[in-house]
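Here is the structure we will look at, set down as structure tokens.
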Amino acid sequence: MRRYNQDFTTYWLIKSRGKIVGRVRLISKGNGCYRISPIFILPSEQGKGIAQKLLNY
């Protein structure tokens with residue numbers, strides 16, 4: 001909960017075909033720069049290129 005409530009951290013749900021398949025945490029480093037830590041993809045959805053598509057986006 002400590003990380004979740006940090007004012008410089010944002011969490012996003014990852015959807016594929018309308019279904020929630022994971023989550024990503026973005027940490028603002030200032031000046032429009034962000035760090036991703038971590039990306040979670042459900043085991044049943046891994047290996048489908050979902051995280052790669054997210055990074056390309």
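Overview of values
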{"read-out": "Theoretical ellipticity at 222 nm over the chain - DSSP helices of four or more residues, -39500 (n - 2.57) apiece, nearest 500", "value": "-3000 deg cm²/dmol"}
{"read-out": "The chain - percent of accessible surface contributed by carbon and sulfur, probe 1.4 Å", "value": "54"}
{"read-out": "Pairs of Lys in the chain closer than 17 Å at Cα, counting only those 8 or more apart or on different chains", "value": "4"}
{"read-out": "Whole-number accessible area per residue in Å² for the range 10-57, which is evaluated in the context of all protein chains at 1.4 Å", "value": "77"}
{"read-out": "Three-way shape call for the chain based on the alpha-carbon gyration tensor, with the a/c threshold at 1.5", "value": "prolate"}
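The values are calculated or read from the model by the stated rules, or taken from the named source; none is laboratory data. Note that the structure is a prediction, hence the values are computed from the model and not measured. Surface accessibility is based on the protein's heavy atoms, side chains included, excluding ligands, DNA and RNA. Shrake-Rupley method; radii C 1.70, N 1.55, O 1.52, S 1.80 Å.
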